[in-house]
Amino acid sequence: MLTGKQKRHLRALGHNLKPLIQIGKKEIEAALIAEANAALDGHELIKVKLLENCMLDKHEASELLSEACKADVAQILGKTFLLYRSATPPVILFPKSSVFQKTS
């Protein structure tokens, strides 16, 4: 599960990405899941686009594909969404969160 700051970082990284996966009339099937898994293995963060002829809702499609690929949804915006799955070793490094402590 991603935190809000991690999602924000991933959204910034995913802004300029082109969609690697497109979901159309055939919707989510084994070939599409295999393609998404291969893309996640190579990129960690991918953009998925729903085509006009897709019968699934964007939230339903993102949930189904993320569960099938064991990935996290970083963003849903319009007809596109971002999927993230950490690789070993991770390529995308999250910024360290600064913790301010009150001194007495």
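When the residues of the stretch 66-77 are narrowed to those that are in contact (Cβ under 8 Å) with a residue 24 or more places away in the chain and closer than 10 Å to Asn37 by Cα, which ends up surrounded by the fewest Cβ atoms within 10 Å (Cβ to Cβ)? Out of the qualifying residues, it is Ala68.
Can you tell me which residue in the stretch 55-65 is farthest from Lys7 (Cα to Cα), limited to those that are surrounded by fewer than 17 Cβ atoms within 10 Å (Cβ to Cβ) and charged (D, E, K, R)? The extreme case among them is Asp57.
Filtering the stretch 42-54 for residues that are under 22 Å from Phe94 (Cβ atoms) and touching a Lys or Arg at 6+ places or on another chain (Cβ under 6 Å) leaves an empty set.
Of all residues in the stretch 1-37, those satisfying the criterion of being in contact (Cβ under 8 Å) with a residue 40 or more places away in the chain and of a type in the set (D, E, K, R) are Lys5, Lys7, Arg11.
Can you give me the number of residues within the stretch 21-35 that are modelled with pLDDT under 95 and under 13 Å from the mean Cα position of the chain (by Cα)? Looking only at that region, the number is 0.
For the stretch 36-48, indicate whether the set of residues that are over 12 Å from Leu82 (Cα atoms), under 15 Å from the mean Cα position of the chain (by Cα), at pLDDT below 95 and among the small types (Gly, Ala, Ser) is non-empty. Yes: one or more hits. When every residue of the stretch 88-103 is checked against the conditions, none turns out to be without any contact (Cβ under 8 Å) to a residue 60 or more places away in the chain, within 15 Å of the chain's Cα centre (by Cα) and surrounded by 18 or more Cβ atoms within 10 Å (Cβ to Cβ).
The values are calculated or read from the model by the stated rules, or taken from the named source; none is laboratory data. Quick caveat: nothing in here was measured; it's all calculated off a predicted structure. Neighbour counts run over all protein chains shown; Cβ positions are idealised from the backbone, glycine included.
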